[in-house]
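The values are calculated or read from the model by the stated rules, or taken from the named source; none is laboratory data. Since the model is a prediction, treat every value here as computed from it, not as a measurement. Because the Cβ atoms are built from the backbone with ideal geometry, glycine has one as well, and the counts that use them run over all protein chains shown.
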Amino acid sequence: MKMKIFALLVAVAFVLSACGGLPKLGIGGASTKPEEVQVQEIKAEPTKAVLSDATFFRDELEKDINEDWGLRVVSGLEKQLIWSQVNGKFRIQTQPPNDVNFLFLNKKHTYKDVIVQAEVENSGQLDNAFSLVCRATEAGWYEFRISSNGYYELLRYDQYKKSEGGNAYTNLVEKRVGSALIKGGLDKNNFSLSCVGNLITAFVNGEQLYWEKRPLAIEDNNYGEGTIGFGFLGYGKSLDGSFNWVEAVKP
């Protein structure tokens with residue numbers, strides 16, 4: 001009987017070994033090193049950025065606008081633009097029928113790392129957008145827009161694409177995005193565009209925007225240095241808005 005039980009145990013052990021059910025034994029009974037589990041590096045989440053109060057310069061937009069700023073017509077016709085400087089505001093009005101995008105680029109300063117920010121207020125149609133620009137050259141720039149109906153866009157402009165007949169703008173967050181940080185209607189808004197190293201970030205009324213539940217921080221190294229600017233754009237309607245001041249801030 002003992003011999004039958006022993007033979008049965010040997011047979012079971014042989015079957016388990018053939019099926020991988022028993023560990024392989026080395027000298028002294030030590031198991032061999034198992035295969036390493038495949039893993040990947042964990043990327044750091046974007047961190048919340050902060051705004052500085054150390055200014056490079058601030059323009060209250062009270063003196064002749066042509067001293068420091070030059071007009072760049074991205075779309076539309078210059079004759080559609082009506083501007084004035086009254087009561088410490090740079091007021092911009094546009095006339096139909098064409099879509100318009102007017103930028104005012106600084107003629108005296110260029111920056112690698114900078115935060116450009118402004119205070120704006122709307123006086124007309126809500127289907128418009130105020131914009132800020134950093135690292136602008138003839139090759140292109142980064143552009144942050146907020147609209148009076150509560151949307152923002154973060155874009156890269158590429159002059160080469162424009163010259164080839166394509167759409168010069170690439171939306172760095174894929175689409176227009178709604179944000180409760182933007183005050184609608186005729187309320188004032190402060191907004192900021194930060195270009196520091198290869199990170200492009202944006203703020204509205206002192207708060208960093210979030211995208212997909214993370215602080216909005218886009219990595220892009222297409223442009224490393226250039227001037228700053230601000231602008232006003234809209235879509236085939238009469239528009240009316242004002243910039244109260246613009247400033248360049250040290251990160």
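Against the test of being over 30 Å from T110 (Cβ atoms) and either modelled with pLDDT of 65 or more or polar (S, T, N, Q) (or both), the options T47, T55, T32 yield a single qualifying residue, T32. For the range 182-196, give me the residue count where each residue is surrounded by 14 or more Cβ atoms within 10 Å (Cβ to Cβ) and outside any loop (DSSP other than H, G, I, E, B). Residues flagged as surrounded by 14 or more Cβ atoms within 10 Å (Cβ to Cβ) and outside any loop (DSSP other than H, G, I, E, B) within the range 182-196 amount to 8.
Residues in the range 160-182 that are at pLDDT below 95 and in contact with a Gly (Cβ under 6 Å, 6 or more places away or on another chain): G178 only.
The numbered conditions (1) surrounded by fewer than 18 Cβ atoms within 10 Å (Cβ to Cβ); (2) without any contact (Cβ under 8 Å) to a residue 24 or more places away in the chain; (3) closer than 28 Å to L61 by Cβ are all true for E207 except (2). Any residue at all in the range 124-142 that's touching an Asp or Glu at 6+ places or on another chain (Cβ under 7 Å) and free of Cβ contacts under 8 Å to residues at least 60 places away in the same chain? Within the range 124-142, not a single residue is touching an Asp or Glu at 6+ places or on another chain (Cβ under 7 Å) and free of Cβ contacts under 8 Å to residues at least 60 places away in the same chain.
For V100, state whether it is crowded, with 19+ Cβ neighbours inside 10 Å and either at pLDDT 95 or above or over 13 Å from G229 (Cα atoms) (or both). Judged against the criteria, V100 is a match. The strands (runs of 3 or more DSSP E) located wholly in the range 109-181 include none with 1 or more residues which are over 19 Å from the mean Cα position of the chain (by Cα), under 23 Å from D53 (Cα atoms) and of a type in the set (S, T, Y).
With respect to (1) surrounded by fewer than 20 Cβ atoms within 10 Å (Cβ to Cβ); (2) more than 18 Å from the chain's Cα centre (by Cα), the lone exception for F243 is condition (1).
When V173, V177 are screened for being of a type in the set (V, I, T), surrounded by 13 or more Cβ atoms within 10 Å (Cβ to Cβ) and more than 16 Å from D220 (Cα to Cα), only V177 passes. Kindly indicate whether any position in the range 82-89 is under 18 Å from L233 (Cα atoms), within 28 Å of the chain's Cα centre (by Cα), surrounded by fewer than 15 Cβ atoms within 10 Å (Cβ to Cβ) and without any contact (Cβ under 8 Å) to a residue 60 or more places away in the chain. There is no residue in the range 82-89 that is under 18 Å from L233 (Cα atoms), within 28 Å of the chain's Cα centre (by Cα), surrounded by fewer than 15 Cβ atoms within 10 Å (Cβ to Cβ) and without any contact (Cβ under 8 Å) to a residue 60 or more places away in the chain.
The single condition among (1) surrounded by fewer than 16 Cβ atoms within 10 Å (Cβ to Cβ); (2) within 22 Å of E212 (Cα to Cα); (3) in contact with a Leu (Cβ under 9 Å, 6 or more places away or on another chain) that F144 does not satisfy is (1). Remark: N222 matches the filter, which requires a residue to be of a type in the set (S, T, N, Q) and either in contact with a Pro (Cβ under 7 Å, 6 or more places away or on another chain) or surrounded by fewer than 17 Cβ atoms within 10 Å (Cβ to Cβ) (or both).
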